[in-house]
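What follows is a set of notes on a single structure, which appears directly below.
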Amino acid sequence: MFIDVRILLPFSADALLFPDVKHIYTDIDNLVIINQTRSDHGLPELCPTSISKTVTGDEDSINLVDRILYDTTCLGGTFDHFHIGHKLLLTRACVHTKNKIIIGVSGDKLLKKKKYLEMMEPFKLRFDTVTQFVSQFNPHIPEHDIFELNDPGGPAIEDANIDAIICSSETLRGAVWVNNKRQEAGMPLLVIVEQGLVQNIEDLGEDDDGKISSSALRKLLYEEKQRNKL
């Protein structure tokens, strides 16, 4: 049996387009960018592969890969106008999940205070987009539980079998709130896995605070709609 391993040098963009490559070992941010490039060229996305690395010392050997895998993870979001920040968040969730991933897609009850609400995509489109991304990115996770989220806590504050919650830097306070609720109920606390925000590369207007966000994208669409009325 032979294993074909290829090492990609920085800026070797053409090497990302090998049609026969199925797996890649890289960090999460690079993985999302690479898969977006392959998708733009009509190629299937690559699956992440972890290399088991063992460190030894005074304590017993520790498998670093096992330390970042959780049996059941959860996260929630609006996932409106699906962008690279959403892809990074869902990618991190898939990478850290061993058996079950629980994803709440915000329903109408949680959207009443959203900016530029009239430009929000319908729930079914947002739900289907998340479902498709997770299914294609890592189909090997045995169970996907994707549902309409209509209260802030959802199963994260009720299900004792959940091990970790995936959040962005923007929603970190919400993850801490979830743990406070679990502590009050005598439930085990969740491991909080934080994904950093993605900075904008262009000006999105006065409501933009320097990060890619659905609200900034809705603002652009709203302003374009208003200009078309003139």
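What the table shows:
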read-out	value
Using a Förster distance of 41 Å, the FRET efficiency for residue 115-residue 192 (Cβ separation, nearest 0.05)	0.95
Under 26 Å from residue 113, Cα to Cα: lysines that are on another chain or at least 8 residues apart	87, 124, 181, 211, 219, 225, 229
Unit Cα scatterers, Debye sum, the range 99-154: log10 I(q)/I(0) for q = 0.19 Å⁻¹	-0.72
Proximal charge balance of residue 117 [Cβ under 12 Å; K/R count +1, D/E count -1]	+2
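Any read-out appearing in this document is the output of simple, stated calculations on the displayed coordinates, not a laboratory observation. Worth saying up front: this structure is predicted, and the values here are computed from it rather than measured. Cβ atoms come from the backbone with ideal geometry, glycine included; neighbour counts cover every protein chain shown.
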